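To start, the structure itself, in C-alpha cells.
Just so it is clear, none of the values below were taken in a lab; they were calculated from the coordinates. Since this is a predicted model, take the numbers as computed values, not measurements. So basically every Cβ, Gly included, is an ideal-geometry build from the backbone, and we count neighbours across all protein chains shown.
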C-alpha cells in the first residue's frame with residue numbers, strides 16, 4: 001500500500017519542530033528563573049532586611065544621642081516624654097535591634113560578622129555612658145546641683161570618649177550598610193546578566209524558528225495552499241450564488257477528497273438555487289418540491305420558509321406590544337425625574353437657608369475693621385456651608401478674636417459651628433482670659449453634646465485658636481485647642497503652641513487649657529488659622545501643603561499690606577490646588593498690630 005503524506009503528517013512535522021524549539025526555550029528559561037529565584041530569595045531574606053534593620057538602628061542611635069544630650073542640658077521632669085523615649089531606646093529598642101541584625105548576620109561573611117561584633121562593643125560602651133548620665137541626673141531636683149549638670153555635660157564635650165564612641169559607631173554602621181547594599185547590587189547584576197544571556201538565546205532560537213517556518217511555509221504552499229485557494233474561490237463564488245465547476249488539481253490526500261465533495265455539492269446547489277433565492281428575497285408563497293426523500297437541504301429550506309413566515313408575524317406583534325410598554329415606561333421615568341427635581345430643589349433651598357443662617361453669626365467687616373484697621377480674612381468653605389468660622393468681639397479694652405474648626409464640613413459642620421459660636425458668646429460674658437474662655441466653652445459644649453445621652457455622648461468637638469489683645473498694654477494672650485498662632489516679627493516666626501485636645505471632648509475638670517502671653521510691637525503680624533490650608537493636597541506630587549511651607553508663605557508676604565497679603569495667599573492656594581478638589585474648609589485670619597490710639 002502506497003504511503004499517503006497526509007495534511008496531518010505535514011502539520012505534525014511542523015509542530016514537532018516548533019515543540020522542540022519551545023522545549024529548548026523552556027529548559028533555559030526555567031534554569032534562568034530558578035537561579036533568579038534563588039538570588040531574589042537572598043535579596044529579600046538577607047540583604048534587603050539587613051539594610052532596613054541597619055538603617056533603623058542608625059536612626060535610633062542618632063535619636064537616642066539627641067535625647068541624651070537634651071537630658072544632660074535641659075531640666076525636665078521624670079515623666080517627660082523625651083526622657084521616657086530615651087530610656088526606651090537605650091534599654092529596649094537599640095539592644096533588641098542589635099539582636100535582630102545578629103540573626104540576619106548568620107548569612108553574612110566572616111569579615112562582616114566581625115564588623116558587627118565590633119559595632120556591638122561600641123554600642124555597649126555608648127549605652128553604658130548614657131546610663132551613667134541618667135544616673136547623674138535621675139530626677140527633676142537633681143538638676144539643681146550644678147556639679148551634676150557639669151558632670152553630665154562633660155560627656156558631650158567635643159573630643160570626649162562618648163562623642164568619639166558615637167562617631168565610630170555611626171561610621172561602623174555606614175560601612176556595614178554600604179557592604180550590604182553592594183552585595184545586594186552584585187546579586188541583582190548577576191540576575192540581570194542571566195536574563196541577558198537568556199535573551200540572546202531566545203533571539204537565536206527565534207531566528208532559527210523563523211527560517212524553518214519560511215521553508216515549511218514554502219513547502220506547505222506547494223502542497224496545501226494552492227489547492228485550498230482554488231477550493232476557497234469555489235466556495236466564495238458559491239456564497240455569491242456563482243456555481244464554478246472548474247477543475248482543482250490536488251494530490252492523494254484529504255484536500256483531494258474535499259475537492260471532489262465540493263464539486264458534487266456545487267452540482268446539487270444549482271438545482272435549488274432558484275428556490276433559495278426566492279426565500280432569501282422574502283417570497284414565502286413560493287412552492288418547492290424536494291429533490292428526493294433524502295434531500296435534507298430541500299426539507300430544511302421548506303421548514304426555514306415556514307418558520308421565517310411565522311417568525312415575521314410574531315415579531316410584528318411583539319414590536320407593537322413593546323412600543324406600548326416603552327411609551328408607558330417613558331411616562332413613568334419622566335414623572336420620577338420631576339419628583340427628584342422637586343426634592344433636589346427643596347434640599348438646595350434648605351442648604352441655602354442654612355448658609356444665610358450661618359452668615360448671620362460671622363462678624364461683619366465694619367466690626368473687624370474697627371478692631372483691627374489692618375486685617376484680612378480668607379474664608380473658603382468646601383461646600384455651601386462650613387464647619388469653620390471666625391469670631392471677633394470687643395470687651396472693654398480687650399479685643400478678642402478667634403479662628404475655629406468644628407468637626408466635619410458642609411451641613412454637619414455648619415450645625416457644629418452654631419454650637420461653637422454660641423458657647424464662645426456665653427463664655428466671654430464672664431471671662432476675658434483665653435484659657436478661661438476655652439475652659440468655659442469646653443464645659444458648655446460638653447454639656448450640650450452630652451445632654452440626654454448618658455455615657456454615649458457625641459465625640460464631635462471644635463479646634464480653635466483664640467487671642468485677646470490689650471491695645472493699651474500692647475499685650476497679646478493666646479490659648480488654643482490643636483491650632484497654634486503664628487506671630488511674624490522682624491522676618492521671624494514666633495509660634496505659640498496649643499493644647500492637644502478639642503473643645504467639648506472631655507469632662508469638665510479633667511484637662512485645662514494653657515494661657516500664653518507676650519508683649520507685641522507695632523508692625524507685628526498675627527495669623528490664626530484652621531488646618532484646611534496645611535492639609536490641602538496639591539502641587540506637582542499631589543502632597544499636603546504642610547506647616548513648613550505655610551510658615552514660609554507667611555514670611556514671604558508679611559511685609560506687604562494686608563489686602564495684598566490676602567491676594568498673594570489666594571494665588572498660592574489656587575496654584576497649589578490646580579485641578580484637584582478642595583478637601584476641607586479653609587480659614588486664615590491675619591491682623592497687623594498698630595500703634596496705640
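A few points about this structure:
- Distance from the alpha carbon centroid of the stretch 548-569 to that of the stretch 68-98 works out to 39 angstrom.
- Alpha-carbon gyration tensor eigenvalues x 5, square-rooted, for the stretch 362-592, Å: 27, 23, 15
- The stretch 122-168-the stretch 378-402 distance, computed between alpha-carbon centres (Å): 50 Å
- Segment residue 218-residue 315, extension gain: residue separation times 0.36 nm, minus the distance between their alpha carbons: 29.6 nm
- One quarter of the surface of the convex hull around the alpha-carbon atoms of the stretch 466-506 equals 3.5 nm², the direction-averaged projected area.
- Here 421, 92 are placed in order of increasing Cβ neighbour count within 10 Å, fewest first, which gives 92, 421.
- Potential lengthening between residue 45 and residue 102 on full extension [0.36 nm per residue; Cα-Cα distance subtracted]: 19.2 nm
- With neighbours defined as other Cβ atoms within 10 Å of a residue's Cβ, the residues 366, 477 order from fewest to most as 366, 477.
- Here residue 52 and residue 186 are evaluated by their C-beta separation; at R0 = 22 Å the FRET efficiency comes out at 0.75.
- Relative to its residue count, the stretch 78-170 spans a Cα convex hull of 89 Å³ per residue.
- Seen from a random direction on average, the alpha-carbon convex hull of the stretch 491-539 projects onto 5.8 square nanometres.
- Principal axis dimensions, largest first and in whole angstrom, of the stretch 115-232 by Cα: 111, 29, 21
- Length gained when the stretch residue 289-residue 497 is fully extended (0.36 nm per residue, less Cα-Cα span): 64.6 nm
- The calculated Kirkwood hydrodynamic radius for the stretch 7-208 is 21.0 Å, given to one decimal from all distinct C-alpha pairs.
- Taken along the Cα-to-beta-carbon direction at a fixed 7 Å, the label points for residue 490 and residue 366 span 4.1 nm.
- Distance between the pseudo-spin-label points of residue 544 and residue 62 (7 Å out from Cα toward the beta carbon): 2.1 nm.
- For the stretch 483-597, the fraction of alpha-carbon pairs in successive 10 Å shells from zero, as %: 12, 39, 31, 16, 3
- On the beta carbon distance between residue 206 and residue 37, with R0 = 22 Å, the FRET formula returns roughly 0.35.
- Packing rank of 558-571, 186-199, where each peptide gets the mean count of other beta carbons within 10 Å, highest leading: 558-571, 186-199
- Here 469, 533, 26, 140 are placed in order of increasing Cβ neighbour count within 10 Å, fewest first, which gives 26, 140, 469, 533.
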